[in-house]
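The values are calculated or read from the model by the stated rules, or taken from the named source; none is laboratory data. Quick caveat, the model's predicted, so the values are computed rather than measured. Using ideal geometry, Cβ is built from the backbone for each residue, glycine included, and neighbour counts are taken over all protein chains shown.
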Amino acid sequence: MTQNIETHFESEIAVIGGGLVGSATAYGLARRGARVLVLDEGDIAYRASRGNFALVWVQSKGLGMPEYAAWTKASAEQWSTLAKSLRDETDIDVAHHQPGGFVLCLSEAEMEARINAMRRLHNQPKMVQYPYEILDHNETKRRLPAIGSDVVGSVFCPLDGHVNSLRLFRALHTAMARLKVDYRPNSPVESIRPDHDGFLINGPWGQARVQKLVLAAGLDNARLAPMVGLHAPVRPSKGQVIVTEKAAPFLHHPMVTVRQTDEGGVMIGDSQEDLDFDTVVTPPVISLMAQRAVRMFPLLAGLNVVRTWSALRVMSPDGFPIYDQSQSCPGAFVVTCHSGVTLAANHTLTLAHHILEGVLPASLEAFSSRRFHVSSAA
Amino acid sequence: MFRRLPDLGGETVNFTIDGRPATARLGDTVAAALLASGMESCRTTPVSGAPRAPYCMMGVCFECLVTINGIGNRQGCLIPVAEGMAVETQKGARAIASEYSAKGDAA
Amino acid sequence: MKTIKDVASLSECYDLLIIGAGPAGMVAAATGAEQGLSTLLIDENPAPGGQIYRGITTTPVAAKETLGADYWRGTDLVHALTASDAVYAPETTVWSVGPAAEGTSDPGRMEVGVSVGGAARLIQARQVIAATGALERPFPIPGWTLPGVMTAGGAQIALKTSGLVPDGRVVVAGSGPLLYLLTAQLRAAGATISVMLDTTPLENWGRAIRHASDFLRSPYLGKGLKLLLGAERGMRIVRGVTAISANGDSQVKSVRFRHGSKEEELPCDVLLLHQGVVPNINLANAVGCALDWDEDQLTWVPQTDDWYETSVKGFAIAGDGAGIGGAESAALRGRIAALGAGHRLGRLSANDRDQRAAPVRAELMRASRGRRFLDVLYRPAKAFRIPKADDTIVCRCEEVTAGKLRETVALGVTGPNQMKSFLRCGMGPCQGRLCGLTVTELIADARGVPPTEVGGYRLRPPIKPITLGELAALPKTPAAIKAVER
Ligand SMILES: Cc1cc2nc3c(=O)[nH]c(=O)nc-3n(C[C@H](O)[C@H](O)[C@H](O)COP(=O)(O)OP(=O)(O)OC[C@H]3O[C@@H](n4cnc5c(N)ncnc54)[C@H](O)[C@@H]3O)c2cc1C
Ligand code: FES
């Protein structure tokens, strides 16, 4: 068995997965002086980090779990600290802006549903407080002159923002390299075996021995978690995205489904389909996304589409993140969420600290996957 | 940069480049007409502002982007020039907002 | 032949849909129609001909000898097409090909996204042949983005379609048989070419000689000799050029080059670059066809069977898009592909198909003879595929340099798709057509692994630009509404 093993790495802590969640966590660990090994797949992988919509989004998050609303708000609040830290470390500006974001509604029914959802969200017990505004067409038009007559109104929240998520991805990897994180691409993990002083990680590339372990492998967490006494029942949820050619800046706020990047391209998202591991772009879906975007901003009609893609979100059964530590294998953690851009600041600045301490605090209790056992038992 | 072969004959077409009158030969693409007019570059890039001119003439490089009749980023090498066409060179990223309002004003 | 110029006039479904009206596509269309298949031939250009026979029905260049007999041979192909029952849609782009949505009667059908004059539509086809041809290999040298620098093929198109010749001090540079042909045509048309910089690596001759016997019996020999001898007359040719850069601020002013141990700089108004052609595989890639790396031609080539059907059922590739073979071979392969499609559609028995194809295959054998010699001889030098100078632009659209790419490989980026996320290379409007091969080879070189291990850009529709407005007007499905209007 051992003669197949070609490489042998050793490190204090391994992060499995080099997407946005894994690299934000690894960067946080390395900033605190940990010796970190990151094991990642290759050029083609189900990588939500490449397909995401780049919002740092607060409004509408947390209906059903107020702790998630608070966690999200906290991340949005420390996002500028993350951006600065990355700039200092790498000279890369990830274009973080927090001008406030809109959800635009295209019918009275949509508007009503949105208002109701916001009320229910904010009426939850233990709900963190933050401002939001419900705006009619005219007020929305005053703030966003480019909207079309089909927009009946909007919900605005000043905490919402966005970044350049591709540059964020690069900045995190550059920062990891600066901090001597041992990043290993083309190193998929097949199995993990806990033993007396840590974990043995195996793959076709060889074997690694580490004392601690963070599972940040996105959809593959579902398979890896049970190997170290954890549970991460995540499923793919397909999101399709359209991006246009670059245009001179005209849209200075992000919408939940339309945003203009700092480079000028307009991104249009984001559908949601639960179709297993299928990543085909389907014309009817992108057509409807385009139609809604054009109704929101009629001037978009003439822009050329340069790319469409679909990516798989990493969804837990209730849609909320899973942060957990293994009871049977101390030192093993799982980190999984679908808003890896929004939560990047928390992952780097807060979560990494707790992982190094060795225990997740009570404040993260709500995110344990035990919540799924409870509901399935009930 | 380019000159026309002598004695080509054929019909001529009148159009404008940045508002100035120009002529082309019927059958020219916009990019060919621009090359024939002696124009050096047709746009500057949205990334660095560097000047660019048609490169491949066959629709693959997207260097020949110009504004045609008020619509930006059209591939000049694939579009035949037409009588009365207004061709404009571009500066940086496409000015979608002013294109749109100009269209609105015209309507 | 019937010509259609708007999406509304297209039928719901065609037996055979062909993309590209070069030699391969024109012959495939005529062959399809001849079998009684409802056949649609689509091309983004205003007239048939593809690259080689560009403008053949419209060119103002009247003197036959300027463009040469090989060019005028295209007239026969156009006549065959015009005489057929095929439907021809010029100025029409195909921006996607995918499996038809569920619920259609015939599950094997394909759905093809087309766009004409600012209106898009999805139509169906039972068989598709992509005859999308070739494009010139990227030629990333310092200054290749300057106005005044263009491809030699681009200058040829300007000549064929508009009777334009480059003016002033004209320099041509690169390698390959086409470079000599294009130069000869431009000179015949009256262009003064001050110098030709031949970048063919001198050591290639040694390798090519092994394949010379086939070449000596091929039609290429005579043509090649004529071109070579012609080129020597009245033009300076510098052989063994190992480095070239174009210089100037807003326009090329001079070209600097190295040959042997000598460096020279010459004033220059137009620099024409060419180092061979490679298959235009963007559509095949977006459709999901399996591609192989061809180490002789240094490019991706789609996997095809004997009838040029790809790994995607019902989707075939004919002509140079399936591997570079030249115009004559493209036409023959177009015929074979259409016979294959006819059989798959139940129109021809296997026997019939094979019998009709047999003489075409024999012709193809003859037409391909000597090709290997040319491939090996004109395999472009590494220095012109993988720029050494760090500040050389590789991705023209996003202005990503070779140095930046190498720096990013060092971060642990192993392939072009991750590279795209990190640097935006290949994300501009050309969708990687002008940087894909360079990025693959540069990463492979920096990592010290073969290109196959690195892979290429993975593409998605639309492979040609369509507007959001066009996209918005396409039909929706209940599933789409559920996915989007949550
Ligand atoms: C610029 C250039 C100049 C050349 N000049 C010569 C020459 O002078 N002599 C010579 O022997 N060989 C020449 N070649 C090589 C020659 O092009 C090929 O050998 C031959 O044309 C291949 O024929 P084909 O039918 O495979 O493709 P092509 O002739 O290239 O035809 C493909 C057609 O498909 C169209 N098309 C592609 N994608 C789409 C889409 N998505 N929607 C709609 N239409 C589409 C293209 O516009 C084109 O008209 C040249 C190549 C290039 C690139
Ligand atoms: S010149 Fe290359 S696309 Fe027009």
Worksheet item: Here are some conditions: (1) away from ligand 2 (no atom under 16 Å from the Cβ); (2) closer than 27 Å to C:A155 by Cβ; (3) surrounded by fewer than 22 Cβ atoms within 10 Å (Cβ to Cβ). C:V277 meets all but one. Which one does it not meet?
Response: (1)
Worksheet item: Looking only at segment C:363-388, which residues are touching a helix residue (DSSP H, G or I) at 6+ places or on another chain (Cβ under 7 Å) and free of Cβ contacts under 8 Å to residues at least 40 places away in the same chain?
Response: C:E363, C:L364
Practice prompt. Among what's in segment B:30-42 and is touching a residue at least 24 places away in the same chain (Cβ under 8 Å) and more than 7 Å from every other protein chain (Cβ to nearest Cβ), pick the residue that is surrounded by the most Cβ atoms within 10 Å (Cβ to Cβ).
Written response: B:A31
Worksheet, complete the sentence: Given (1) in contact (Cβ under 8 Å) with a residue 60 or more places away in the chain; (2) in a strand (DSSP E or B), A:I355 misses just (2)
Discussion item. Please verify whether C:T452 is within 21 Å of C:T132 (Cβ to Cβ), more than 16 Å from ligand 1 (Cβ to nearest atom), in contact with a strand residue (DSSP E or B) (Cβ under 8 Å, 6 or more places away or on another chain) and polar (S, T, N, Q), treating the condition exactly as stated.
Written reply: no
Discussion item. Restricting to segment C:458-486, give me the number of residues that are of a type in the set (S, T, Y) and modelled with pLDDT of 95 or more.
Written reply: 1
Worksheet entry | In segment C:432-468, the residues that are in contact (Cβ under 8 Å) with a residue 24 or more places away in the chain and within 7 Å of another protein chain (Cβ to nearest Cβ) | C:R433, C:L434, C:G455, C:R458, C:R460, C:P461, C:P462, C:P465, C:I466, C:T467
Worksheet item: Taking helices (runs of 4 or more DSSP H) that do not extend beyond segment A:38-137, which have at least 1 residues that are within 14 Å of another protein chain (Cβ to nearest Cβ), in contact with a Gly (Cβ under 8 Å, 6 or more places away or on another chain) and surrounded by 15 or more Cβ atoms within 10 Å (Cβ to Cβ)?
Response: A:48-51, A:108-122
Practice prompt. Of the numbered conditions (1) in contact with a Leu (Cβ under 7 Å, 6 or more places away or on another chain); (2) of a type in the set (A, V, I, L, M); (3) touching a residue at least 40 places away in the same chain (Cβ under 8 Å), A:A301 fails exactly one; give the number of that condition.
Written response: (3)
Worksheet item: Which of the residues spanning segment C:26-47 are more than 14 Å from chain B (Cβ to nearest Cβ) and of a type in the set (V, I, T)?
Response: C:V27, C:T31, C:T39
Discussion item. Surrounded by fewer than 23 Cβ atoms within 10 Å (Cβ to Cβ) and either of a type in the set (G, A, S) or over 24 Å from C:A130 (Cβ atoms) (or both): which single residue out of C:A338, C:A410, C:A330 fits that description?
Written reply: C:A410
Discussion item. Being assigned to a loop (DSSP other than H, G, I, E, B), among the acidic types (D, E) and either in the same structural domain as A:L303 (by TED's automatic domain parsing) or under 28 Å from B:L65 (Cα atoms) (or both) is true for just one of A:E245, A:E263. Which residue is that?
Written reply: A:E263
Practice prompt. Could you list, in sequence order, all residues of segment C:224-236 that are in contact (Cβ under 8 Å) with a residue 24 or more places away in the chain and assigned to a helix (DSSP H, G or I)?
Written response: C:G224, C:L227, C:L228, C:G230, C:A231
Worksheet, complete the sentence: Exactly one of C:A69, C:A131 is within 14 Å of ligand 1 (Cβ to nearest atom) and free of Cβ contacts under 8 Å to residues at least 12 places away in the same chain, and that residue is C:A69
Worksheet entry | helices (runs of 4 or more DSSP H) lying entirely in segment C:357-455 (those with 3 or more residues that are closer than 20 Å to C:L298 by Cα and under 20 Å from the mean Cα position of the chain (by Cα)) | C:371-377, C:436-447
Worksheet entry | Within segment C:40-50, considering residues that are buried (at least 24 other Cβ atoms within 10 Å of the Cβ) and not β-branched (V, I, T), the one nearest to ligand 2 (Cβ to nearest atom) | C:N45
Practice prompt. Under 8 Å between Cβ atoms, at least 6 apart or on separate chains: pull out the pairs that start in segment B:57-69 with a residue that is within 13 Å of C:R396 (Cα to Cα) and more than 6 Å from ligand 2 (Cβ to nearest atom) and end on any residue that is of a type in the set (V, I, T) and modelled with pLDDT under 95.
Written response: none
Item to complete: Need at least 3 residues that are within 13 Å of chain B (Cβ to nearest Cβ) per element, so show me which strands (runs of 3 or more DSSP E) inside segment C:131-204 make the cut, counting only ones lying wholly within it.
Response: C:134-136, C:149-151, C:164-166
Discussion item. Among (1) away from ligand 2 (no atom under 16 Å from the Cβ); (2) modelled with pLDDT of 95 or more, there is one condition C:T104 misses while meeting the rest; what is its number?
Written reply: (2)
Item to complete: Might you check whether a residue that is more than 16 Å from ligand 2 (Cβ to nearest atom) and without any contact (Cβ under 8 Å) to a residue 24 or more places away in the chain occurs anywhere in segment B:71-84?
Response: no
Practice prompt. Scan (1) away from ligand 2 (no atom under 16 Å from the Cβ); (2) surrounded by 21 or more Cβ atoms within 10 Å (Cβ to Cβ) for the single condition C:D292 breaks and write down its number.
Written response: (2)
Worksheet entry | Single residue of segment B:23-46 satisfying the filter (away from ligand 1 (no atom under 16 Å from the Cβ) and polar (S, T, N, Q)) that is farthest from the chain's Cα centre (by Cα) | B:T45
Worksheet item: Can you name the residue in segment C:48-84 that is within 14 Å of chain B (Cβ to nearest Cβ) and among the hydroxyl-bearing types (S, T, Y) and, of all such residues, is nearest to B:G59 (Cα to Cα)?
Response: C:Y53
Practice prompt. Name the residue, out of A:V285, A:V359, that is on the phi < 0 side of the Ramachandran plot and within 14 Å of another protein chain (Cβ to nearest Cβ).
Written response: A:V285
Fill in: Search result, residues across segment B:79-107 that are at pLDDT below 90 and not small (G, A, S)
B:K103, B:D105
Item to complete: Would you be able to tell me the number of residues in segment C:223-256 that are under 21 Å from C:L202 (Cα atoms) and small (G, A, S)?
Response: 6
Discussion item. Scan segment C:414-427 and tell me whether some residue there is more than 16 Å from ligand 1 (Cβ to nearest atom) and more than 10 Å from chain A (Cβ to nearest Cβ).
Written reply: yes
Worksheet item: Within segment B:47-65, can one find any residue that is away from ligand 1 (no atom under 16 Å from the Cβ), hydroxyl-bearing (S, T, Y) and buried (at least 21 other Cβ atoms within 10 Å of the Cβ)?
Response: no
